[in-house]
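Read through the structure below, which is laid out as structure tokens, and then see the notes.
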Amino acid sequence: MAKARSTNDVQKQIAESQARYRAVFEESGAAMIIVEEDMTVSMVNREFEKLIGHPREQIENKMPFAAFVFPEDVERMQGYHRLRRLEQGAAPTEYECRLMRRDGRILNVLAKVGMLPGYKQSIASFMDITSRKRAETALAESEQMLRRENVLLKSEVTGRYRFHSLLGKSPAMQKIYDLILDAASTSASVIIYGESGTGKELAARAIHDLSARKDAPFVVVNCGAIPETLMESELFGYKKGAFTGAHMDTHGTLDLADGGTLFLDEIGEIGLPMQVKLLRAIEGGGYTPLGSREQKNPDLRIISATNQELADHVRKGLMRPDFFYRIHIVPLRMPPLRERREDIVLLAEHFLAQAVTRDDRPALTANMLRTLESYSWPGNVRELQNAMWRYATMGRLEVGGGLGLLSEPDLEEESFAVGDMNLASASDAFERRFLEKALAANQFHKTKVAKALGINRKTLFKKLKKHGIE
């Protein structure tokens, strides 16, 4: 009899304890839930009902925790509720996530989760911070706009013709200047596309110099010039004795760029295994120098460049999709020189002035300028710069770098007496002579001639036929 009373007393105490616990749970003033080990929600209070819009009879022991969480946040949020993690520390864990109401609205909430002592259950409370997050987003957007305006005020723009080390008045370059300002006002990764010689590194350096990291290092890595076997030691560094020839501790480029900007030129040349390690390093997982046990976590911004289409690399299996999306946040495309011909004379004069500082430097004749503007410049700005330097040194203008393309002496003006023929006849005579010289300069290789003249082969054949040139 006494034993039965004792059992009844224990059950009564448990029932009273549960009732008190339920009362505290209900009257806490915060939206709260209890989650079982299998992630089923076993108990909710009235505040959570109001927050989420579902009645508790539809939730308790029927709906999984994931049913309320925004899909992209589910895996991360479930990790906070795993009992093994909670047992490692007594203090509750706090995190932010997004919940989905029954009416479809998405809420930003601050959650605090802990473990119920003696039970394989986690308990979580939620505070709606949607309004605060909106205010933070608006403030961030306002700060970004102010940063962009500040960057614009500090930028070296001279009549919009010069922008740091870039030069050009064309609409294509004006657009590039704006994109650089936008990129400099953020901390996101930038990918710069463009043919060889279009100024990708100059654009990258301008972004760095205008950013909040301008006083920190700007480190350049030419990925195409580093053998795959040496890429890891180049990026991550190594300890003395890590391999044959490692005679001293050496910092990698990620170390050197810590706090600043790492410019990865020709990023499409990085192999798949290295992409995995580099992705981990720049996403916060850190890296370990060869021969070391020390993990390092660099604080750096990635700006990369390529003359290839990285989306094609992904489709062909040459680049990991996760690596592509990590570096391909802010894309910027440098225009080839043939798409900004109005900048050619401006650039030519600039490079000539750089090459010869004296007052009696050789001038560019009208005929030379026509040559420069009509040429297709496959090597882009770098090729034009080299042509101007050669002209300043040798007094001879060669387009195509002296590789069998047209040069200034080939373009001597024809001597026609006014009255001998009309303008149309004179133009035809000059064009015929021009084509004959172009053919001779290129060993009658018509594809090279068309490229040198900046026209397609079909147009060239029509002109040759017109003038009876075989």
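The values are calculated or read from the model by the stated rules, or taken from the named source; none is laboratory data. Please read all numbers here as calculations on a predicted model, not as lab measurements. Note: ideal-geometry Cβ built from the backbone for every residue, glycine included; neighbour counts use all protein chains shown.
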If you check A66 against the conditions, is it in contact with a helix residue (DSSP H, G or I) (Cβ under 6 Å, 6 or more places away or on another chain) and within 16 Å of Q121 (Cα to Cα)?
yes
Among the helices (runs of 4 or more DSSP H) confined wholly to the range 389-470, which include 2 or more residues that are modelled with pLDDT under 75 and not aromatic (F, W, Y)?
423-441
K240 being out of contact with any Lys or Arg (no Cβ under 6 Å at 6 or more places or on another chain) and modelled with pLDDT under 90:
yes
Scan the range 324-331 and give yes if some residue there is without any contact (Cβ under 8 Å) to a residue 60 or more places away in the chain and under 30 Å from L272 (Cβ atoms), otherwise no.
yes
Just wondering, is there one or more residues in the range 291-311 that are of a type outside the set (A, V, I, L, M, F, W, C), over 29 Å from E269 (Cβ atoms) and not assigned by TED's automatic domain parsing to the domain that holds R382?
yes
Helices (runs of 4 or more DSSP H) (entirely within the range 1-109) containing at least 1 residues that are modelled with pLDDT of 75 or more
2-27, 46-52, 56-59, 74-81
Mind checking whether some residue in the range 269-288 is surrounded by fewer than 20 Cβ atoms within 10 Å (Cβ to Cβ), out of contact with any helix residue (DSSP H, G or I) (no Cβ under 8 Å at 6 or more places or on another chain) and not in a helix (DSSP H, G or I)?
no
Subset tally (residues that are surrounded by fewer than 16 Cβ atoms within 10 Å (Cβ to Cβ), part of a loop (DSSP other than H, G, I, E, B) and in contact with a Phe, Trp or Tyr (Cβ under 8 Å, 6 or more places away or on another chain)) for the range 323-342:
0
